Amino acid sequence: MDVIGRKKVLVAMSGGVDSSVTAALLLEQGYEVVGVTMQIWDPKIEVVGEEYVGCCSIYAVNDARRVADRLGIPYYVLNFRELFERKVIDYFTEEYLRGRTPNPCIACNRYIKFDALLKKALSLGMDYMATGHYARVVYKKDIGKYGLFRGVDRKKDQTYVLYNLTQEMLKRLLLPLGEYTKEQVRELARKYNLVTADKPESQEICFVPDNDYRKFLKERRGEDIKPGNFVDVNGRVLGQHQGYPYYTIGQRKGLGLALGKPYYVVDIRPETNEVVVGEAAEIFSPGLVASDLNFLWFDEIPERFEAQAQIRYNAKPQPAVVERIGENQVRVTFNEPQRAITPGQAVVFYRGDELLGGGTIEKRL
């Protein structure tokens, strides 16, 4: 990319290899780079073998600072703890108590990273903000709007968690890693002599260091979680569960049921404190209803369109028909039934590599 002048860019640095290389690439391309780490959670040191995890640990901040020093760029830590608590952690716990399965990364991107942090960047006189996401921002000249496309590394593509971005966000966003594979990024980190070059991948949920979300829920809302019944699709009691928030649609392991054949979680009913289980065929559904929609460049949601719909972060997009059934609601009908459609998760729509938009799954059909 040719850069005219010295445009200022704020780079969100987590202390990992991706954001480190993002800062290095933009500096090399001629940008005036400032690094920041968002303090979103009380720092806790978690040791796993000889490695450490936790994006807000003192180690993560130190790694980001060491990278900034190596690159010769200013570096700051910004406190977003209170906002993160309200917009991400409270949402995370409440969704489980509603019998749904949340996606905290999407909430963080929507309210923290690409809203609050971007506003902070602009207030500091920055022209752009950048992150280490594997995705590509493309300006669509024919319609005068920005689009979002999958990164060239399909295994690392992160467009699924970026469907909530707006045109105002996209026009200020730089995602240089969209043109690279993960291995190329590590090679660049070695070339730049960055301490994060061989740092392992970060964990799935940044504020649950041991990835034990059940323990996290119990510590925060244990008084609201009570044992109840496992029932089959006909209402027959099969056993007792430890609390419906501890289960998710499609789950088989950890049910503690000895029924002679595999059973899966089919539905969660907070109103009766029941977890419905069934055989494998019963977790397939022909479609879903989604709300809280965002489309990147549609002026309004079409009455009907075809797309590839992705119902989980690592799922393969599937052909589907999308129909508008309300002001902010669509019905998605798949060409073939899909396994474990999960309320609370996102359904994201694509045409080829282009992200069209997405929404929150409300129910399966």
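In the range 250-262 there is at least one residue that is in contact (Cβ under 8 Å) with a residue 24 or more places away in the chain and closer than 21 Å to T360 by Cα. Among residues of the range 269-297 being in a loop (DSSP other than H, G, I, E, B) and closer than 27 Å to P319 by Cα, the one that is farthest from the chain's Cα centre (by Cα) is E279.
Does G99 meet the test of being under 20 Å from the mean Cα position of the chain (by Cα), part of a loop (DSSP other than H, G, I, E, B) and small (G, A, S)? In short, yes. Taken over the range 1-21, the criterion of being farther than 16 Å from N193 by Cβ and at pLDDT 95 or above is satisfied by K7, K8, V9, L10, V11, A12, M13, D18, S19. Of the residues making up the range 252-268, at least one is part of a loop (DSSP other than H, G, I, E, B), closer than 29 Å to E223 by Cβ, in contact with a Pro (Cβ under 9 Å, 6 or more places away or on another chain) and not assigned by the TED database to the domain that holds Y139. Could you list, in sequence order, the residues of the range 217-231 that are in a loop (DSSP other than H, G, I, E, B) and either at pLDDT below 95 or touching a Pro at 6+ places or on another chain (Cβ under 6 Å) (or both)? Passing the criteria: only I225.
Residues in the range 22-56 that are in contact with a helix residue (DSSP H, G or I) (Cβ under 6 Å, 6 or more places away or on another chain) and in a loop (DSSP other than H, G, I, E, B) were compared, and the one that is modelled with the highest pLDDT is I40. A search for C-beta distances below 9 Å between a residue of the range 333-352 that is over 15 Å from L365 (Cα atoms) and any residue that is exposed (fewer than 15 other Cβ atoms within 10 Å of the Cβ), counting only pairs 6+ apart in sequence or on different chains, returns R351/E306. Starting from residues that are of a type in the set (A, V, I, L, M, F, W, C) and part of a loop (DSSP other than H, G, I, E, B), keep the ones in the range 57-89 and report whichever is modelled with the highest pLDDT. Going through the qualifying residues, I end up with I73. Just one of the numbered conditions (1) within 29 Å of Y91 (Cβ to Cβ); (2) over 23 Å from the mean Cα position of the chain (by Cα); (3) in the same structural domain as M129 (by the TED database) is not true of L188: (1). Restricting attention to the range 331-365, the residues that are farther than 21 Å from R98 by Cα and β-branched (V, I, T) total 3. In the range 228-245, which residue that is in contact (Cβ under 8 Å) with a residue 40 or more places away in the chain and not aliphatic (A, V, I, L, M) is surrounded by the most Cβ atoms within 10 Å (Cβ to Cβ)? Step by step, filter the range 228-245, then rank; the result is Y244.
The values are calculated or read from the model by the stated rules, or taken from the named source; none is laboratory data. This one's a predicted model, so the numbers in the text were calculated from it and none came from an experiment. Positions of Cβ are generated from backbone atoms using ideal geometry, with glycine treated the same way; all protein chains shown enter the neighbour counts.
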